[in-house]
Every structure is written in structure tokens, then in C-alpha cells.
1. For the range A:151-174, which positions are part of a helix (DSSP H, G or I) and open to solvent by 10 Å² or more (accessible area, probe 1.4 Å)?
2. Quick check on A:Leu42: is it hydrophobic (A, V, I, L, M, F, W, C) and in contact with a Ser or Thr (Cβ under 9 Å, 6 or more places away or on another chain)?
3. Given the options A:Ser68, A:Ser111, name the one that is within 20 Å of A:His148 (Cα to Cα) and small (Gly, Ala, Ser).
4. Among the listed residues B:Leu4, B:Leu47, identify the single one that is more than 28 Å from A:Phe143 (Cβ to Cβ) and either aliphatic (A, V, I, L, M) or within 16 Å of the ligand (Cβ to nearest atom) (or both).
5. Consider A:Leu77 against the criteria (1) farther than 21 Å from A:Val204 by Cα; (2) facing another protein chain (nearest Cβ under 9 Å): it satisfies all of them except one. Which criterion is unmet?
6. Among all residue pairs at least 6 apart or on different chains, which show Cβ distances below 6 Å where the first residue, located in the range B:112-123, is more than 7 Å from chain A (Cβ to nearest Cβ) and the second is at pLDDT 95 or above?
7. When you go through (1) farther than 21 Å from A:Leu43 by Cα; (2) buried (at least 21 other Cβ atoms within 10 Å of the Cβ); (3) away from chain B (no Cβ under 11 Å) one by one for A:Leu84, which number turns out not to apply?
8. Sort out which residues of the range A:61-75 are buried (at least 23 other Cβ atoms within 10 Å of the Cβ) and among the β-branched types (Val, Ile, Thr), and write them in order of number.
Amino acid sequence: MSRPELVAPPEIYYGDTEATKYTNNTRIQQIQADMTYRALELLNMPPDEPALLLDIGCGSGLSGEILSEEGYEWVGLDVAPSMLEVALEREVEGDLFLQDIGQGLGFRPGSFDGAISISVIQWLLNAETSHPTSSPPHRLTRFFTTLHSALRNPSRAVLQFYPTSDDQIQLITSIAQKAGFGGGIVVDYPNSKKARKVFLCLFVGGGGGGQQQV
Amino acid sequence: MVRLITHNLLACHAKGCTQNNFPLQFKDVSIELKEQEVNSEFVKNFLPRLEWKALVNTARQLGDTSLPEELPDMVDDDFLKALHHVLFEIHVEEGAMVCPNCGHSYPISNGIPNMLLSEHEIG
Ligand SMILES: [Zn+2]
């Protein structure tokens, strides 16, 4: 089976059928939930403090529901209208935006206490059109620069993604660093082909957080 | 839904639009009021992050005049309740948000704003 990001852009790949299939697949739900909890762990928010989080590529709201359960307010962005429609049907509690993160985000500086992203940013590695502003480095630069500005200082963003090569990891981390982020890559289950998970853990300022770790 | 807490964080992100691009102006909106449990802690915590004038003006445009022109020095329960209502319970479901600088219109449909830019608007 081909990786979805190699088949078509996300707003096309996740049409009505795929969006519903994706959301109702219990195995996907479980993996998404596990990765969301792990991302929250790495986000290391101060305990018992109210916070506003950004869910980048929120899809149908699987991760957002966990954010709500954990007591966070959140704003979700996604480029696939069918996914957002499923999120609406599920009556998620966050505000939803139809947004292409490769075009950059439009939030005032310091808007969010943190950000998570589950299985999304590998989509930025494919050129959408031949237009020069659509090249992956352009799209990644706009995304990371505007994300950095939208986050408070200090804070963190944790982005789980599926790279196909070390070059991709290198490209993404170098552009994130140029945008002003500290931090780096955390790999869970590095020796298991199936369970291996890559998390890009980005720090604004010192990264803040409830306790020192990572 | 677009709640005013989120609207207060949004600025236009079209290419070259870096000044006078906030707040986006609501146009032809339909709103729904939906109750949400009050979280005073959150509201208190979030207060310094708000652009107060923009919030008050936007709320008034949508017919809610409960907020004072100036941010009060003393924050009491009644104030927090009014602020909670404005931030979380007014949901804009249809209409548009228009940039005061470049005029780009972000349509809102089914409570979801479309923030997509066309090729020439991407920075
Ligand atoms: Zn503008």
C-alpha cells in the first residue's frame, strides 16, 4: 500500500469516504490516541494550569477530543474539508479552521501555550504544484516561522510525523531551527519497523514545561 | 464555530499584509449562543493575552455590550462571567471575516472559516 501523502494532496486524499473510514477505524483511533498522549507527555505542560493549545492537522478531531478530556481549550487546523465535517458531526469542542499550514498561520504573536500535531507534517514534503512558492522548503519555512511566532515564550510544540528518510528529518529540523526553534527529534521504538514513531519536539525559548525532561 | 476568543487571536496572513491586519471584521454573520461551563481560572489566565479594545468592539458589533470599554483593575466574578460569555458562548456560524488592510475576505461556512489563500496571496 502506498503512503497516503504520495497518492494525492490531503484535501483530495481525505475525501468523504476516506475521512469516514479513517475516523471509524478502531486501529487508527488507538494509534492516534496513543500518539496524542505521548505528544502531550513530551509537551510537558505545567500541571493544573489552564491552557490553549493548537492542534495542527486536527483532522476529524480524534486528538482534539483527548485535549478536551485533559482539560485544554484548543484550536484545530486542517486542509481537508471532509475531515472537518466529520469533526463537526462529532461535536468536538475546539474551534476548527480550514487551513493549509504550508501557506503559513495567521495568529497574533504568543497566542498559544503549546501545539501538537499527529501524523501531518510529512504532507509538507510533497510539492503541491510547480509554482515556486509551493516547494517543500518554502512551505516548511512559512509553517515553522508563523508557528514559532504564534507560540508563547517559553513553550513547546510536539509534532509526530512519518519521515521516509533521514534526509527528510534533516530538512525539517534544519528549517525549524532557522525559524527560531530549539529542541530536536525523539524516536520511540527505534528498532521496530512497525512501532517506530518520530516526534519533533520544538522549544520556543527554554521550552518551559512543568519539569525538566526530554 | 468561531468563538471570540479565537477571533481575538486571528490576524490576516495574506502576503505583505503585516500592518493594520487585525482584528478581522465580521460581515453578514449569523450567530448562535451556546452555553459552556465557566472556567474562571482559564479566563483570568488568558486576560493578558487579549487585545481588549478589539474584543470589546467586536462583541458590541455582535450585539453584546456587557464588557467595559477599559479593562477594569479589579476582576470580580460578575466581570469574569461576562467575559466568559463573550469569549466562549457567542459562536459565529456563517458570514465572513474581512481584513481591514488588504480586504481579503475569509468566508465562514458551517462555523468553519476558510483561511486558504490563492497563489498570489501566499507570502
Ligand atoms: Zn490582509
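1. Just the residues of the range A:151-174 that are part of a helix (DSSP H, G or I), to begin with: A:166-174.
Within the range A:151-174, A:Asp166, A:Asp167, A:Gln168, A:Ile169, A:Gln170, A:Leu171, A:Thr173, A:Ser174 qualify.
2. no
3. Numbers: A:Ser68 fails: within 20 Å of A:His148 (Cα to Cα).
Result: A:Ser111 is the single residue among A:Ser68, A:Ser111 that is within 20 Å of A:His148 (Cα to Cα) and small (Gly, Ala, Ser).
4. Working: B:Leu4 fails: more than 28 Å from A:Phe143 (Cβ to Cβ).
After applying the criteria, what remains is B:Leu47.
5. In the conditions (1) farther than 21 Å from A:Val204 by Cα; (2) facing another protein chain (nearest Cβ under 9 Å), A:Leu77 misses (1) alone.
6. B:Glu121/B:Ala14; B:Glu121/B:Lys15
7. (3)
8. A:Val75
The values are calculated or read from the model by the stated rules, or taken from the named source; none is laboratory data. From a predicted model like this one, the values you see are computed outputs, not experimental measurements. Glycine also receives a Cβ, built like all others from the backbone with ideal geometry; neighbour counts cover every protein chain displayed. Accessible surface is based on the protein model in full, side chains and every heavy atom, while ligands, DNA and RNA are left aside. Shrake-Rupley method; radii C 1.70, N 1.55, O 1.52, S 1.80 Å.
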